[in-house]
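*Asks:* Below you'll find the structure I mean.
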Amino acid sequence: MLVNFSSSWYNLAMKTKIFVDFDGTIFNTQAFREKLFDIFVMAGFDEDEIRNTYVAESLDFLYSAHGQMKRLFKIHEFDMEKAKKRLDKLIKSASDLLFDDFEPFIKNIDRNRFLVNLMTLGNIEFQKKRVEALCIGHFFDNIYYCDKQKWDFLDDIVDINEKFIIIDDRADTMEKIAKKFKRSFPIFINRPQKDLDDPVLQNQHDFNGIEVKSLKQVGQYF
């Protein structure tokens, strides 16, 4: 029997998945965090109070600016509604914090060969609000909001022996994915702009795989 392999299902199945991280990979989280800290300074907090609550809120990998506000409120009361309005304004105006190499990179991917997915770890509500405000959803086939580590989240969307590409700014994530998914192709993006107040990024080690400084460099690998 003649089988028509030009069906959309077959074409979809033949595509290689690419997973692109959000914070620190396509979005300048360091610059966003600095602007966020300014909001808390205006609310009457000092640098140590802001940084300590930021670190505490980040320890479970599910950071939320609203969660940090609640931690700060325990130190002393402030006009939280005003701070939330300033945060909303920051999020709505954050399109200039996308790295300049994001659009050229994403537009240059061959969509006949690849399925392109955004994958971001953090408080789902907070991550979704920021991603949607940037109006970048049309660049991706799927958007995955993770509330557990990516090497575990991937269990639900790839096969253990599947070939896929993942780009992320966390060396530990790339290392664990490489060990767990033997046919994966992790790319560690080590940008100069780092959110070094993030406790995870403070304790990074070398990744024994591909390391790049920009998305422009990523393009040479596929």
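Each value in this text was obtained by applying a stated rule to the coordinates, not by laboratory testing. Keep in mind that this is a model prediction, so the values were computed, not measured. Cβ: placed from backbone, ideal geometry, glycine included. Neighbour counts: every protein chain shown.
*Asks:* Only four residue types carry charge here, +1 at the Cβ of Lys and Arg and -1 at the Cβ of Asp and Glu. Report the dipole size of the chain about the Cα centre in Debye, rounded to the nearest 20. Mind dumping the intermediate values first?
*Replies:* Values: 33 positive and 37 negative charges, 142 e Å.
Using only the charged Cβ atoms, the result is roughly 680 debye.
*Asks:* So which lysines pass the test for K216, namely a Cα distance under 23 Å, with those fewer than 8 places away in the same chain ruled out?
*Replies:* Excluding near neighbours in sequence, the set is K15, K17, K107, K163, K194.
*Asks:* Going by average Cβ neighbours within 10 Å, how do the peptides 136-148, 167-179 rank, with the highest at the top?
*Replies:* Values: 136-148: 14.8, 167-179: 20.7.
Descending packing order for the listed peptides: 167-179, 136-148.
*Asks:* With angles folded into 0 to 90 degrees, how steeply does helix 171-180 sit against the dominant principal axis of the chain? Use alpha carbons for both and round to 10.
*Replies:* That works out to roughly 40 degrees.
*Asks:* Expected output is a single nm value to one decimal: the length gained when fully extending between D110 and L98, i.e. 0.36 nm times separation in residues minus the C-alpha distance. What is it?
*Replies:* 2.2 nm
*Asks:* Would you please give the residues with an amide H less than 5 Å from that of V212, counting only those at least 5 places away or on a separate chain, with H modeled from the backbone geometry?
*Replies:* F188, I189, N190
*Asks:* Only bridges with both residues in the chain count here: give the DSSP antiparallel percent, nearest 5.
*Replies:* Details: 1 of 25 bridges.
For the chain, the DSSP antiparallel bridge percentage is about 5.
*Asks:* Given charges of +1 on the Cβ of Lys and Arg and -1 on the Cβ of Asp and Glu, with all other atoms neutral, how large is the dipole of region 86-143 about its Cα centre, in debye to the nearest 20?
*Replies:* In debye, rounded to 20, region 86-143 gives about 200.
*Asks:* For K82, give me every one of the lysines with a C-alpha distance below 26 angstrom, ignoring sequence neighbours fewer than eight places off in its own chain.
*Replies:* K35, K70, K74, K92, K128, K129
*Asks:* Name the residue from L98, F114, F22 whose Cα lies farthest towards the positive end of the charge dipole of the chain, charges +1 on Cβ of Lys and Arg and -1 on Cβ of Asp and Glu.
*Replies:* Highest projection toward the positive end goes to F114.
*Asks:* Let me ask something additional. Under 20 Å from a label point 7 Å along Cα→Cβ of N208: give me every residue in region 140-158 with its amide N that close.
*Replies:* Once the point is set 7 Å along Cα→Cβ of N208, 151 turn out to lie under 20 Å by backbone N, inside region 140-158.
*Asks:* Hey, another quick one. Give me the one-decimal nm value for the distance between modelled label points at E77 and E34, 7 Å along each residue's Cα-to-Cβ direction.
*Replies:* For the pair E77/E34, the computed spacing is 3.5 nm.
*Asks:* First measure r as the distance between the Cβ atoms of T16 and N52, then evaluate 1/(1 + (r/R0)^6) with R0 = 30 Å and state the FRET efficiency to the nearest 0.05.
*Replies:* The value I calculate is 0.10.
*Asks:* Measure nothing fancy, just the Cα-based angle from helix 65-75's long axis to the longest principal axis of the chain, in degrees from 0 to 90, nearest 10.
*Replies:* Between helix and principal axis, roughly 30 degrees.
*Asks:* Just how large is the dipole of region 30-95 about the Cα centre, in debye to the nearest 20, putting +1 at every Lys and Arg Cβ and -1 at every Asp and Glu Cβ?
*Replies:* Taking the Cα centre of region 30-95 as origin, the dipole is about 340 debye.
*Asks:* Shifting gears a bit: As a footprinting exposure proxy, order I187, I157 by other Cβ within 10 Å, with the fewest listed first.
*Replies:* Fewest-to-most Cβ neighbours within 10 Å comes out as I157, I187.
*Asks:* What net charge do the residues around M14 carry, taking every other residue with its C-beta under 15 Å from that of M14, with Lys and Arg at +1 and Asp and Glu at -1?
*Replies:* Counting the neighbours of M14, the net charge comes to +1.
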